[in-house]
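The values are calculated or read from the model by the stated rules, or taken from the named source; none is laboratory data. Here the structure is a predicted model, which means the values were calculated and not measured. When we count neighbours, we look across all protein chains shown, and the Cβ atoms used for this are built from the backbone with ideal geometry, even at glycine.
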Amino acid sequence: MSGRGRDEVTGLALYDQTAQDAAAAVIAAYSTSFGLASRMLGPRVRPHVRNVYALARVADEIVDGPASAAGLDTEAERRVLDDLEAETLAAIERGFSANLVVHAFARTARECGIGEDLVRPFFRSMRTDLTTAQHDSASHDEYVYGSAEVIGLMCLQAFVNAGRPAPRDPGPDLVEGARRLGAAFQDVNFLRDADHDGGALGRDYLGSATREQVLARIDADLAAAAAVIPRLPPDCRRAVTAAHDLFAALAVRLRRQPAATTRVRVPDPVKAALAARAWLGFSPWSARA
């Protein structure tokens with residue numbers, strides 16, 4: 001089959017663009033907050049970060065309900081997840097996938113230096129959701145590393161390496177900041193979604209940790225991340241600051257609402273104000289400052 005694409009783009013370039021658009025569509029459908037922050041990224045890195053999050057979202061949906069609603073049992077969900085991991089690793093190696101979201105991710109991985117060392121822990125954490133309902137401190141930390149910290153590290157690879165002729169090491173301070181920010185995001189979401197995770201999915205990610213202990217950990221992780229955000233490339237700082245500040249605001253609201261009666265949200269006008277603040281170049285915000 002042949003034909004001319006939009007704006008006369010054809011062949012692999014058209015396929016790459018279509019895959020990138022597919023990843024953007026996934027993000028637009030699933031996350032308005034992420035969509036807001038990603039629009040603040042410079043064009044050099046924006047599609048790569050969307051590609052990372054789109055793959056993560058597809059994998060998450062396999063274990064968080066849609067696959068089950070389609071009639072898959074736990075073993076079938078595991079096989080689908082295993083197949084997605086295998087296809088992702090193969091696509092990074094060969095540079096092509098018939099799965100558009102995987103193709104977009106593989107393109108980012110090859111350009112930005114995202115390898116098996118980050119991909120496998122992510123899928124390992126996704127598989128944990130099929131087998132582990134009650135976490136302790138150790139399994140929480142392992143799960144958070146694979147489900148959130150490595151996503152931060154993948155994004156960091158894009159921040160540092162998108163558009164470069166060859167990937168380079170971001171450096172230990174940025175690596176630590178990316179991990180801490182990812183961990184804070186995940187712990188905030190654990191607190192926000194505790195009722196749903198426990199009631200609908202039968203999972204307890206926080207184990208014996210008290211709400212105050214988790215909030216203190218979030219504050220420390222956000223502070224550690226804020227310290228290194230100014231060292232990111234200029235076309236990434238505003239978006240990361242906006243995301244950081246949104247989760248700092250969520251943490252404030254979680255502290256004000258000790259009982260998880262409703263899912264805590266940041267009102268749209270406050271989101272807009274935080275985004276504007278970040279866009280103007282202010283340092284990451286902290287309610288503890």
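Details
Table: residues versus (1) of a type outside the set (K, R); (2) at pLDDT below 95; (3) part of a loop (DSSP other than H, G, I, E, B); (4) touching a Cys at 6+ places or on another chain (Cβ under 6 Å).
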position	(1), (2), (3), (4)
I229	yes, no, no, no
V240	yes, no, no, no
D245	yes, no, no, no
L254	yes, yes, no, no
A260	yes, yes, yes, no
V266	yes, yes, yes, no
G281	yes, yes, yes, no
W285	yes, yes, yes, no
A289	yes, yes, yes, no
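- The criterion of at least 2 residues that are without any contact (Cβ under 8 Å) to a residue 24 or more places away in the chain and either of a type outside the set (A, V, I, L, M, F, W, C) or closer than 30 Å to P43 by Cα (or both) is met by the following helices (runs of 4 or more DSSP H) wholly inside the stretch 138-218: 172-192, 194-199.
- Qualifying residue in the stretch 64-81 (condition: within 26 Å of V160 (Cα to Cα) and not acidic (D, E)): no
- Among the residues of the stretch 104-126, those identified as in contact (Cβ under 8 Å) with a residue 60 or more places away in the chain and not aliphatic (A, V, I, L, M) are F105, R107, T108, E111, C112, F122, F123.
- Single match in V228, V175, V160 (criterion: among the β-branched types (V, I, T), within 16 Å of the chain's Cα centre (by Cα) and more than 26 Å from S68 (Cα to Cα)): V175
- For the stretch 132-157, filtered to residues that are of a type in the set (G, A, S) and under 20 Å from the mean Cα position of the chain (by Cα), the residue that is surrounded by the fewest Cβ atoms within 10 Å (Cβ to Cβ) is S139.
- Unmet criterion (only one of (1) of a type outside the set (S, T, N, Q); (2) at pLDDT 95 or above; (3) surrounded by 15 or more Cβ atoms within 10 Å (Cβ to Cβ)) for D129: (2)
- Top-ranked residue in the stretch 51-72 [being in contact with a helix residue (DSSP H, G or I) (Cβ under 6 Å, 6 or more places away or on another chain) and over 20 Å from L156 (Cβ atoms); ranked as surrounded by the most Cβ atoms within 10 Å (Cβ to Cβ)]: I62
- Test result for V270, within 21 Å of the chain's Cα centre (by Cα) and at pLDDT below 95: no
- Of the residues in the stretch 60-82, at least one is under 13 Å from the mean Cα position of the chain (by Cα) and within 25 Å of V240 (Cβ to Cβ).
- Among the residues of the stretch 217-251, those identified as under 23 Å from G163 (Cα atoms) and charged (D, E, K, R) are R231, D235, R237, R238.
- Candidates are the residues of the stretch 10-58 that are in a loop (DSSP other than H, G, I, E, B) and among the β-branched types (V, I, T); the one that is modelled with the highest pLDDT is V45.
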